[in-house]
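The values are calculated or read from the model by the stated rules, or taken from the named source; none is laboratory data. Keep in mind that what you see is a predicted model, and the values were worked out from it rather than measured. Ideal geometry is used to build each Cβ from the backbone, glycine not excepted, and the neighbour counts take in all protein chains shown. Just so you know, the surface numbers come from the protein's heavy atoms only, side chains and all, with ligands and any DNA or RNA stripped out. Shrake-Rupley method; radii C 1.70, N 1.55, O 1.52, S 1.80 Å.
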Amino acid sequence: MDVNALYDFERKEGMIVKYPIKMVSIVHIEKLKMFYAGIMAGFKHLKTELDSLPVVRNGLGYNPEFYNRVLNEMRKNAIVGLFHLWLRELQHFLAIGGDVINKNKNVFLNKGHEFILGLFANERELAPIIYILEKYGCLTNVIKHGLGNSFEKLSDEFLYEPDEYKESIVIDGETYDSSVAEAPFVLQSHIDELYSATIEFWEKVPETFVVDCDILLKKNVR
């Protein structure tokens, strides 16, 4: 925004909101670290727990193929949980934080990740982080809602089944790669990339972040 607006004394009171955003970064980083630690603990014991399941007569019990399906689905859930933890904490801070009380800030609570990230578009240090967060925001929407606008924007890296999820099967003496997980495909490296981006976002946000609620309201008109 134009910093000169801060000195426009004819503007309505409370339309310029300054957020001491760096002051809350430590709290949000600690929450993300705890969430990530919980995810990793769950993955560590996944195969052991699946191995302990009884094989029932209808054949729906655990088998090696089922492990890959469950692993991919759990990784998807980890992406959704991690992304929304970062996004909702930021939305909540923007809605109730700042140096003035302004009901217009409530708009942050129902705005998606593209709108929220757009607020930081002019922060050079955040540019590569925003790119990563936008990618995983798109993936999160696809995981939650399936085919739609976000699917058309989805990175190809989530659409091609990695070797980790393939099982070799033999039919009539021929060996085939069996697809045992359902797209989109999520690897541990994806979870780590998103986690690092959320941490780095809070580490690199500006000391003070300013929002012009006049512009915010105009953007909110559809």
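Stretched out straight at 0.36 nm per residue, the stretch from ASN77 to VAL24 would grow longer than its current Cα-Cα span by 16.5 nm.
The length gained on full extension between ARG69 and ALA37, counted as 0.36 nm times the residue separation minus their Cα-Cα distance, comes to 9.3 nm.
Surface calculation, 1.4 Å probe, protein heavy atoms: ASP156 sits at approximately 100 Å² accessible. Largest accessible area first, the residues ILE143, ILE101, ILE29 order themselves as ILE101, ILE143, ILE29 under a 1.4 Å probe with ligands, DNA and RNA left out. Along segment 27-35 the Karplus relation, 6.51 cos²θ - 1.76 cosθ + 1.60 evaluated at θ = phi - 60°, assigns HN-Hα couplings of 4, 5, 5, 5, 5, 5, 5, 5, 5 Hz to successive residues, with x for each Gly and Pro.
Among GLU164, GLU200, the sequence by solvent-accessible area, most first, with a 1.4 Å probe is GLU164, GLU200. At a Förster distance of 45 Å, what's the computed FRET efficiency of GLU164 paired with GLU125, Cβ-Cβ distance as r, to 0.05? Result of the calculation: an efficiency of 0.85. Can you tell me the FRET efficiency between ASN104 and SER196 if r is taken as the Cβ-Cβ distance and R0 is 41 Å, rounded to the nearest 0.05? According to the calculation, E is roughly 0.80. Cross-link pairs exceeding 18 Å between alpha carbons, from the set LYS44/LYS135; LYS22/LYS204; LYS31/LYS105; LYS18/LYS105; LYS22/LYS111; LYS33/LYS153: LYS44/LYS135; LYS31/LYS105; LYS22/LYS111; LYS33/LYS153.
Considering segment 87-139 at the alpha-carbon level, its Rg and Dmax are found to be 11.8, 35 Å. Accessible area per residue was computed with a 1.4 Å probe on protein heavy atoms; LYS144 scores about 100 Å². Our estimate of slack between PHE115 and SER155, defined as 0.36 nm per intervening residue step minus the Cα-Cα distance, is 12.4 nm. Close amide H partners of PHE209, meaning residues 5 or more places away or on another chain with modelled amide H under 5 Å apart, are TYR19, ILE21. Annotation: MET74 carries an accessible surface of approximately 70 Å², with a 1.4 Å probe and no ligand, DNA or RNA atoms counted.
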